[in-house]
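Working notes, beginning with the structure itself.
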Amino acid sequence: MKAPLKARQAGATAVEFALVLIIFLTFLLGITDFSRMLFTWNAANEATRAGARYAVVCDDTAHSGLVLAKMQAMLPQISTINLAWTPTGCTHADCEGVTVTITGLNYHWISPIAGLVSMAAIPMPTFKTFLPREIMRQDPNSSAICS
């Protein structure tokens, strides 16, 4: 004698739920990971702007390490920056501005979708910001930026 239909399908709902949950969580992690990538992209843009502002206001023509430290406070993954003063070799009296560039920034995925495709880091583009000199060593809004 056959078991009733209800008894034969008792575990089917649990199996279907488990399969749907795996797919749902995979897509949820993918969306979260893509959001993290956009956040990193935006933070890198903001870090170049803040680094250029710090360099211009504080006149750090020779201290790119201090600019890098300020930028790493916003985005710790930053390891390489280029600080270029215009014109080259200028002083606070004759500088026209500064260009801060982030290179070599990579993004590491955490979602399983990206893990199946490739475990390698994704290289992000070069981020660059130029700010004119304005008033070196003087910030009318705050004296704490150069400390």
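The values are calculated or read from the model by the stated rules, or taken from the named source; none is laboratory data. Since the structure is predicted, the reported quantities are computational estimates derived from the model, not experimental observations. No Cβ is skipped: glycine too gets one built from the backbone with ideal geometry, and neighbour counts run over all protein chains shown.
At a glance:
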item: When residues of the range 33-53 are limited to those that are loosely packed, with under 12 Cβ neighbours inside 10 Å and of a type outside the set (F, W, Y), the one farthest from the chain's Cα centre (by Cα); result: S35
item: Which numbered condition L66 misses (of (1) surrounded by 12 or more Cβ atoms within 10 Å (Cβ to Cβ); (2) at pLDDT 90 or above; (3) of a type in the set (A, V, I, L, M)); result: (2)
item: Filtered residues of the range 73-91 (kept if surrounded by 12 or more Cβ atoms within 10 Å (Cβ to Cβ) and in contact with a Cys (Cβ under 8 Å, 6 or more places away or on another chain)); result: W85, T86
item: Within the range 92-116, tally of residues that are crowded, with 17+ Cβ neighbours inside 10 Å, of a type outside the set (G, A, S), over 15 Å from V57 (Cα atoms) and at pLDDT below 85; result: 1
item: T48 modelled with pLDDT of 90 or more, part of a helix (DSSP H, G or I) and not acidic (D, E); result: yes
item: Tally of residues being in contact (Cβ under 8 Å) with a residue 24 or more places away in the chain and within 23 Å of W41 (Cβ to Cβ) across the range 73-90; result: 8
